[in-house]
Ligand SMILES: [Zn+2]
């Protein structure tokens with residue numbers, strides 16, 4: 001996502017909440033979402049039990065930029081505790097993304113601070129949110145529990161020191177994008193003019209990620225970088241990228257790339273960034289169906305998931321302006337695909353391909 005849209009949103013100041021009020025709100029949210037699901041199941045033939053795995057959001061960046069925000073509030077976050085509970089989240093990935101206006105060693109410190117926020121603000125206050133690092137931990141979640149997982153979007157904070165990358169893995173990061181849109185010590189991002197691939201250190205990094213059994217994320221990488229990563233590891237995903245033929249944006253993947261991911265049985269997270277879905281505006285949920293159909297037409301029906309990019313976008317798909325919108329998306333998916341396929345897109349495909 002083009003991050004400059006977020007910068008400057010730092011003046012949100014929610015009212016301080018007391019512990020009691022916080023607990024009471026959680027209770028109400030829990031019961032309202034349960035009731036909502038119950039009635040939908042009874043009268044609307046809805047999608048009770050449709051679990052969601054979302055491979056990418058930037059809520060940590062917002063929490064980091066606005067220290068007064070809590071994770072509770074759906075007013076300031078597209079991914080919030082309330083939204084996750086209401087819309088059937090089962091696993092949400094949280095990207096550590098250090099923006100380009102942070103330079104030098106402050107980048108690694110910022111990454112550590114975001115990881116601290118993840119544990120302090122997303123995990124600790126909510127007994128039904130568990131940090132997960134393995135497929136086993138995801139499969140072991142209780143019915144009412146939501147798993148949250150750390151990912152890294154861009155290795156800028158690592159600079160030229162892979163010990164830092166190792167440290168981030170030890171803290172729980174399970175998927176690593178080598179770059180954001182521009183170059184760093186490891187590789188070139190998709191908007192870097194020279195369009196190079198990986199540096200020697202980048203190659204080392206991918207080998208390290210492979211040895212640690214975690215995912216290398218090719219979203220944001222140049223095409224040459226993409227092919228180098230594909231040579232180096234089978235533990236690869238594109239966490240939030242769409243189909244280039246349907247929407248000609250440098251962040252989207254061309255047919256050869258999509259086919260190569262499918263050949264590796266790797267996952268592609270369809271993303272809700274409106275200008276990665278369509279060159280027209282406004283963008284409707286139906287556009288998402290087109291991208292899914294296209295990837296499925298290559299035999300990739302089990303390789304499709306979602307990486308919303310919520311909290312990294314200010315423009316949104318109509319009806320899908322926060323995690324609450326997953327309800328509408330699932331309803332639309334059910335008109336076009338079998339129950340089994342929809343369960344795959346929403347949750348199972350990603351989970352079945354976890355290598356850690
Ligand atoms: Zn991104």
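Descriptive notes on the structure:
- Taking first residues from region 256-273 that are more than 13 Å from residue 219 (Cβ to Cβ) and partners that are within 13 Å of the ligand (Cβ to nearest atom), the Cβ contacts under 6 Å between residues at least 6 apart in sequence or on separate chains come to 272/308.
- Within region 213-233, considering residues that are in a loop (DSSP other than H, G, I, E, B) and free of Cβ contacts under 8 Å to residues at least 60 places away in the same chain, the one nearest to the ligand (Cβ to nearest atom): 218
- Hey, residue 141 surrounded by 15 or more Cβ atoms within 10 Å (Cβ to Cβ), in contact with a strand residue (DSSP E or B) (Cβ under 7 Å, 6 or more places away or on another chain), under 27 Å from residue 330 (Cα atoms) and modelled with pLDDT of 95 or more or not: yes
- Members of region 308-352 found to be outside any helix (DSSP H, G or I), surrounded by fewer than 19 Cβ atoms within 10 Å (Cβ to Cβ) and either under 15 Å from the mean Cα position of the chain (by Cα) or in contact (Cβ under 8 Å) with a residue 24 or more places away in the chain (or both), listed by number: 314, 315, 318, 319, 321
- Listed conditions (1) within 17 Å of residue 156 (Cβ to Cβ); (2) away from the ligand (no atom under 15 Å from the Cβ); (3) touching a residue at least 24 places away in the same chain (Cβ under 8 Å) are all met by residue 182, apart from (2).
- Unique residue being over 21 Å from residue 138 (Cα atoms), at pLDDT below 95, touching a helix residue (DSSP H, G or I) at 6+ places or on another chain (Cβ under 6 Å) and part of a helix (DSSP H, G or I) when the list is 74, 33: 33
- Among the residues of this structure, residue 170 does not count as one that is away from the ligand (no atom under 16 Å from the Cβ) and either farther than 22 Å from residue 353 by Cα or surrounded by 18 or more Cβ atoms within 10 Å (Cβ to Cβ) (or both).
- Residue that is surrounded by the fewest Cβ atoms within 10 Å (Cβ to Cβ), among those in region 255-275 that are assigned to a loop (DSSP other than H, G, I, E, B) and within 13 Å of the ligand (Cβ to nearest atom): 273
- Residue check, residue 155 within 16 Å of the ligand (Cβ to nearest atom) and more than 16 Å from residue 184 (Cβ to Cβ): no
- Scanning region 234-254 for residues that are more than 15 Å from the ligand (Cβ to nearest atom) and closer than 13 Å to residue 55 by Cβ yields a single hit, 236.
- Per the conditions (1) away from the ligand (no atom under 16 Å from the Cβ); (2) within 23 Å of residue 163 (Cα to Cα); (3) not in a helix (DSSP H, G or I), the sole criterion not satisfied by residue 201 is (3).
- Candidate set from region 87-109 (those that are surrounded by 19 or more Cβ atoms within 10 Å (Cβ to Cβ) and more than 18 Å from the chain's Cα centre (by Cα)); member that is nearest to the ligand (Cβ to nearest atom): 107
- Scanning region 56-69 for residues that are touching a residue at least 40 places away in the same chain (Cβ under 8 Å), in a loop (DSSP other than H, G, I, E, B) and either surrounded by fewer than 19 Cβ atoms within 10 Å (Cβ to Cβ) or touching a strand residue (DSSP E or B) at 6+ places or on another chain (Cβ under 7 Å) (or both) yields a count of 4.
- Test for residue 284: is it surrounded by fewer than 24 Cβ atoms within 10 Å (Cβ to Cβ) and more than 16 Å from the ligand (Cβ to nearest atom): yes
- The set of residues in region 211-232 being over 21 Å from residue 156 (Cβ atoms) and touching a strand residue (DSSP E or B) at 6+ places or on another chain (Cβ under 7 Å) consists of 230 alone.
The values are calculated or read from the model by the stated rules, or taken from the named source; none is laboratory data. Quick caveat, the model's predicted, so the values are computed rather than measured. Neighbour counts run over all protein chains shown; Cβ positions are idealised from the backbone, glycine included.
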